[in-house]
Amino acid sequence: MFSFFKKEKIEDEIAKRKEFVVVDTELTGLDEKKDGILSIGAIRMEDKRILLGEVFYRLLNPQCEAQKSTVLVHGITASEIKNSPHVCPILKEFLDFAGNRTVVGHFVEIDIRFLRKEIKKWLKIYFNPTAIDTYIIFNWLVERGIIPKKYKGIKSLPDIAEAFNIKVERLHDALYDSFVTAQIFQRQISLIQPLNLRWHDFLKKIGSPHVSGYMFGHHERTYQI
């Protein structure tokens, strides 16, 4: 009983501090039935602060074959995959790192779908976090003229980063991509805060991937494995 109330208190404190975990995954492909996760990158945020000392990055063996075409995208080779740890302990580490924090990502529904599938398969746990999608927030800001209309229609992570004058030096590295996404989210918080005193709840409402309807339609092609 004591441990239950202690856990509940910790989760309440996380909510009060407005903590986030920004996540990116590299995948063997986009077929949810047969593909898996090659790497997970994550970084914590508290309000607008990116906590550079609190990062998570792991390569893992997905226990499935990676498509050759994806190796050209993320550069993770077959030998690296073979020598990486089994997916199970890495997923446990990730869950400990993420805790009860709101998950933030670019096209985050794909990351969550694959994480949910693997966590259910290997750990028998249902992963269903509160989530915020930076792509959806970006569209919301453009539609309301808070970000110039010339950026309407852009979807890729580097293009959205460029709209915020964020320099992108490389891509398709889960930790680096999560850091770029965290910088984008930092800028978005700064734009939303003056609009709504309850900006944390407001972001969760307008940025939820579960009500957006964008997955898995034509936007799927813009997701970077």
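Nothing in this text is a laboratory measurement; each read-out follows from the coordinates by a stated rule. Keep in mind the model is a prediction, meaning the values are calculated, not measured. A quick note on method: Cβ atoms are made from the backbone with ideal geometry, for glycine too, and the neighbour counts reach across all protein chains shown.
A few notes on this one:
- Taking other residues whose beta carbon is less than 12 angstrom from the beta carbon of residue 151, and scoring Lys, Arg as +1 and Asp, Glu as -1, yields +1.
- Across 92/167; 34/205; 48/167; 92/121, pairs whose alpha-carbon gap is larger than 22 Å: 92/167; 34/205
- Here is the list for the stretch 108-182: chymotrypsin sites (Phe, Trp or Tyr not before Pro) lying in DSSP coil, each with at most 16 other C-beta atoms within 10 angstrom of its C-beta, are 126.
- Efficiency of FRET between residue 96 and residue 162 - r from beta-carbon atoms, R0 41 angstrom, step 0.05: 0.75
- Efficiency of FRET from Cβ geometry, residue 151 and residue 63, R₀ 35 Å, rounded to 0.05: 0.30
- Equivalent ellipsoid semi-axes - Cα gyration tensor, the stretch 17-211, angstrom: 28, 18, 15
- Linear extension gain, residue 122 paired with residue 143, 0.36 nm per residue minus alpha-carbon span: 3.5 nm
- If R0 is 30 Å, the Cβ-Cβ spacing of residue 196 and residue 30 corresponds to a FRET efficiency of close to 0.30.
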